[in-house]
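**Student:** Quick one: structure below, then a few questions.
Only the coordinates and a few stated rules stand behind these numbers; no lab work does. Keep in mind that what you see is a predicted model, and the values were worked out from it rather than measured. Cβ: placed from backbone, ideal geometry, glycine included. Neighbour counts: every protein chain shown.
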Amino acid sequence: MKIVICDDELRELAAARDIIEEICRSRQVQAELCCFGSLEECREYLRRSHADIIVLDIFMGTDLGTDFARELRGRYGDSFSLIFLSSSNEFASESYDVRAAYYLLKPVTQAKMLRALEQCGLFAARQQVTVPVGRQQLTLNLRQVVAVEVIDKKCHIYTLQGDYEASISLSALLELLPEEQFWQVHRSFVINPEYVEEIRDFDFHMRGGRTVPIRRSGGPDIKRRYIQWLFDRMEK
């Protein structure tokens with residue numbers, strides 16, 4: 001796991017680094033931390049190396065972290081999780097546009113950062129699953145899975161990388177998937193709430209243009225769960 005931290009306030013940068021190091025130590029998580037005091041240094045590093053989590057200050061001199069995040073999303077897609085740091089909640093709503101996992105108000109505490117890292121999946125026990133596809137076994141990165149649909153007793157798994165038809169029942173697949181990360185919202189559909197773009201009536205509209213129906217029985221509870229999930233993932 002590689003975590004990149006970028007903040008032009010060097011004292012804040014060191015504080016975030018120390019907090020994350022302590023969290024990883026206490027949770028026995030192996031993580032490599034890379035710290036940068038300017039966007040250009042961070043940009044140059046990310047051109048040649050991958051990051052799993054990027055912790056980014058909003059105000060970077062005359063530049064905005066949200067603009068840099070938009071650039072990174074355009075280049076690397078959803079291959080990384082994003083945490084914003086800010087002394088103001090001015091850009092909290094804009095952080096949704098670049099699919100931030102969390103928006104932390106300074107001063108950052110260990111409790112706040114812990115919640116943000118949990119939202120990014122740092123402590124998830126399972127990051128991958130292996131499923132049968134044809135005569136082969138396919139290993140899927142769970143963070144790339146958008147939704148699952150059952151068609152003719154097979155699971156069609158829709159990911160950011162492509163779509164796969166797995167010879168596995170939905171009940172068997174659900175046993176492999178972390179229940180906090182994947183929700184069964186219909187008899188034949190499972191979603192990753194990270195990739196919901198809109199709720200319209202009894203449908204989830206997912207990234208990539210796919211529409212997932214919400215079951216009528218219990219549907220209002222599912223929609224309330226999603227709204228609560230949105231509130232919980234952002235710092236108030």
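**Student:** For residues that are in a helix (DSSP H, G or I) and either in contact (Cβ under 8 Å) with a residue 60 or more places away in the chain or among the hydroxyl-bearing types (S, T, Y) (or both), scanning just the stretch 185-236, find the one that is farthest from H156 (Cα to Cα). Please lay out each step first, then the result.
**Tutor:** Step one: list which residues in the stretch 185-236 are in a helix (DSSP H, G or I), which gives 193-195, 219-233.
Subsequent filtering for residues that are either in contact (Cβ under 8 Å) with a residue 60 or more places away in the chain or among the hydroxyl-bearing types (S, T, Y) (or both) retains 194-195, 226, 233.
Values: E194: 18, Y195: 17, Y226: 23, R233: 28 Å.
If we take residues in the stretch 185-236 being in a helix (DSSP H, G or I) and either in contact (Cβ under 8 Å) with a residue 60 or more places away in the chain or among the hydroxyl-bearing types (S, T, Y) (or both), then R233 is farthest from H156 (Cα to Cα).
**Student:** Also: When the stretch 92-106 is examined, which residues are found to be within 16 Å of L64 (Cα to Cα) and of a type in the set (A, V, I, L, M)?
**Tutor:** Within the stretch 92-106, A92, V98, A100, L104, L105 meet the criteria.
**Student:** Failed condition for E118, given (1) within 17 Å of E175 (Cβ to Cβ); (2) surrounded by 13 or more Cβ atoms within 10 Å (Cβ to Cβ), with all others met?
**Tutor:** Only one criterion is unmet by E118, namely (1).
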